[in-house]
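What follows is a short report on a single structure.
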Amino acid sequence: FRGYSQFGFIGGIGMLICWGATYLFSPPLGLLFDQIWPVKSHKNSSDIFDKIFGSFGNFSIKYWRPILVSSLFISLLAVVVLIQFVKDPFEYDTTKLRSAGAKKSGGYLEVDARAESILRHNILPMVVLLENSQSVKPVYDSYKQISTPQSILGDVLTMQTLVPDKQEQKIEILKSVLDDVPEKKRAHLKGKMKRYFNSVIEASKLSPYSIKQLPEVIRRQFREIDGSEGKLVLLFPKFGTDTKDGRVVLQFAKDVRTVKLPPGAVIAGSHLVFADMLAAISHDGPIATIVSFIAVILLSIWLTRGGISGSFLLTISLLAGVLWTIALASLFSIKINFLNFIALPITFGVGLDYAINIYGRYRNSDRTYSGLNLAIRRSGNAVTVCSGTTIIGYTSLLFSKNGALFSFGMMAILGEIACLVAALVILPAMITPKIR
């Protein structure tokens, strides 16, 4: 899916640029501005943060057994939630991904429903564009063959179908019906039969017409930019089909694609785009998840210089953060969609990032209880600020009226909180029994 690859490319380039800017410009700029505006030491503020994160450290060290037991219990509950979650992980209700205004009274979802009830068919067709009008009839016939009661495909419309065949013969038949019923007998007709016969009288007055005589408001719907007409085939879902259900859209796209189109023909439509996005998540999602997780684990092994013990602790901390993230998302009724899925690989990176800072600081200390507490006081401060600024950025998405953006912001925030707690509380609790 191109959207994911472009997101990854932009994010990767952005991170590299930010790293380069930080290492190249922060030190000299810091020295320069310190000479102009010397930084004053805020001892009281520093003491407050030391006390806060020192309390975190003391809590994790003192109560490491209850923390590990409760964390294991919560993680087991999260696994149970995860098992239920993976049975139906994707969001198929498209109304939850749309703008909040669309679901309000008078919103476009209500307007669409009213328009469809009037027209008696779906207002959003898939469109097949052919290279010439001669290909229209065979393609039309092929789609009509698969438009069965079991198929989601309903009406098939072309410009040519708006002009009936054998118009002269049909008009003659209508006139013959009038000839068979004398004027005297017509006077005795009543109710439904009279209305029907009047419609026959009106129809008999019609004259044959061609495509060029169709109203402009109709012809322009089948006209392309170059002015050519009659090369489009419109495919409508059956009237009453719930196209707000992603499963229905996937089946509709599958039905439509069973017809082999002639060379040069293309098919497009909003239903097809959404179906392809769902298919991309189903296919690319597990692959991206596994690859990103393996990459993060390999990075943890490299950062710990091949230390199995350290890598194991970081992996457990990461898994706890990810498990809790998915469990929390499930509790908030958040399912995976084409946008919030990106939050999962991000959470993998965050889960290792915060944990490796705490663990790295501890590893460079004297590896005592006081060294662990110092690591939490010093690196915990930086990690929390990093997470806090990231959460502020994601929080802006919660003000979006678009459901997909909101779910992305919510999923990312839950991942930040879960991984931060895992790094500040669970990781130190796992390190504590290793200290002698």
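Listed values, structure above:
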item	result
The range 267-281: number of residues that are in contact with a strand residue (DSSP E or B) (Cβ under 9 Å, 6 or more places away or on another chain) and either open to solvent by less than 60 Å² (accessible area, probe 1.4 Å) or assigned to a loop (DSSP other than H, G, I, E, B) (or both)	7
Positions within the range 61-115 being polar (S, T, N, Q), open to solvent by 100 Å² or more (accessible area, probe 1.4 Å) and touching a residue at least 12 places away in the same chain (Cβ under 8 Å), in sequence order	Gln84
Some residue of the range 285-293 being under 27 Å from the mean Cα position of the chain (by Cα), surrounded by 15 or more Cβ atoms within 10 Å (Cβ to Cβ), modelled with pLDDT under 85 and under 30 Å from Val139 (Cα atoms)	no
Output for the range 1-18, where each listed residue is part of a helix (DSSP H, G or I) and closer than 16 Å to Gly285 by Cβ	Arg2, Gly3, Tyr4, Ser5, Phe7, Gly8
Among residues of the range 142-197, those that are under 30 Å from Leu234 (Cβ atoms) and part of a loop (DSSP other than H, G, I, E, B), counted	11
Hey, Thr347 touching a Gly at 6+ places or on another chain (Cβ under 7 Å), part of a helix (DSSP H, G or I) and surrounded by 18 or more Cβ atoms within 10 Å (Cβ to Cβ) or not	yes
Failed condition for Asp50, given (1) at pLDDT below 85; (2) farther than 24 Å from Arg378 by Cα; (3) among the acidic types (Asp, Glu)	(2)
Count - residues of the range 231-259 that are part of a loop (DSSP other than H, G, I, E, B) and touching a Leu at 6+ places or on another chain (Cβ under 9 Å)	6
In the range 123-138, the residues that are within 10 Å of Leu235 (Cβ to Cβ) and either surrounded by 19 or more Cβ atoms within 10 Å (Cβ to Cβ) or in contact with a Ser or Thr (Cβ under 7 Å, 6 or more places away or on another chain) (or both)	Pro125, Met126, Val128
Matching helices (runs of 4 or more DSSP H) fully within the range 356-436 where at least 2 residues are touching a helix residue (DSSP H, G or I) at 6+ places or on another chain (Cβ under 9 Å) and open to solvent by 60 Å² or more (accessible area, probe 1.4 Å)	369-395, 403-421
Residue check, Gly264 open to solvent by less than 40 Å² (accessible area, probe 1.4 Å), more than 23 Å from Lys238 (Cβ to Cβ) and of a type in the set (Gly, Ala, Ser)	no
Yes/no for Ile123 being among the aliphatic types (A, V, I, L, M) and assigned to a helix (DSSP H, G or I)	no
Matching entry among Ser60, Ser55, Ser5, Ser26 (being small (Gly, Ala, Ser) and at pLDDT below 85)	Ser5
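The values are calculated or read from the model by the stated rules, or taken from the named source; none is laboratory data. This is a predicted model, so every value here is computed, not measured. We place every Cβ from the backbone using ideal geometry, glycine too, and count neighbours over all the protein chains shown. The accessibility values were calculated without ligands, DNA or RNA, using every heavy atom of the protein model including side chains. Shrake-Rupley method; radii C 1.70, N 1.55, O 1.52, S 1.80 Å.
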